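Just below is one structure, and these are the notes that go with it.
The values are calculated or read from the model by the stated rules, or taken from the named source; none is laboratory data. The model shown is predicted, which means the values in this text are computed figures rather than measured ones. Here Cβ is always computed from backbone atoms with ideal geometry, including for glycine, and neighbour counts include all displayed protein chains.
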Amino acid sequence: MRISLLLACAGAALLAGCVSNRPVEGVVRATGEKFTGVATGSLDSAGSVEIVSQQTTCRGTFSNPTGAEAMGTFTCKDGRSGPFRFSPRDRSGTARLGAQAFIFTFS
């Protein structure tokens, strides 16, 4: 029984190590609106992103089926939404927030 408990704890620790939080920073090119936030999950597989500016909060989920480029969609409280893409290797990405281009990086 002790071995089973030890194995269960070790498995849980390994799974917890696979999920991480990464700081995110970005800017809307046309207006200079700055966002900061966090990506949760594995940049190489799937997760979620939440970014905040002085005007709004945007959330999105992403998946990375190929391992090369993750894709998702942002939805913002002010009504803007749009697709985003990023490269886990480069830790940078692009998006559309409504009609505006948005660029972001992960630390």
Lone unmet requirement of (1) out of contact with any Gly (no Cβ under 9 Å at 6 or more places or on another chain); (2) closer than 13 Å to N21 by Cα; (3) of a type in the set (V, I, T) for V49 = (1)
Pick from the stretch 25-44 the residues that are at pLDDT 95 or above and part of a loop (DSSP other than H, G, I, E, B): which of them is surrounded by the most Cβ atoms within 10 Å (Cβ to Cβ)?
-> E33
Exclusive hit being among the basic types (K, R), surrounded by 15 or more Cβ atoms within 10 Å (Cβ to Cβ), at pLDDT 95 or above and in contact with a strand residue (DSSP E or B) (Cβ under 7 Å, 6 or more places away or on another chain), set R80, R91 = R80
Within the stretch 52-103, work out how many residues are out of contact with any Lys or Arg (no Cβ under 7 Å at 6 or more places or on another chain), within 16 Å of E33 (Cβ to Cβ) and aliphatic (A, V, I, L, M).
-> 3
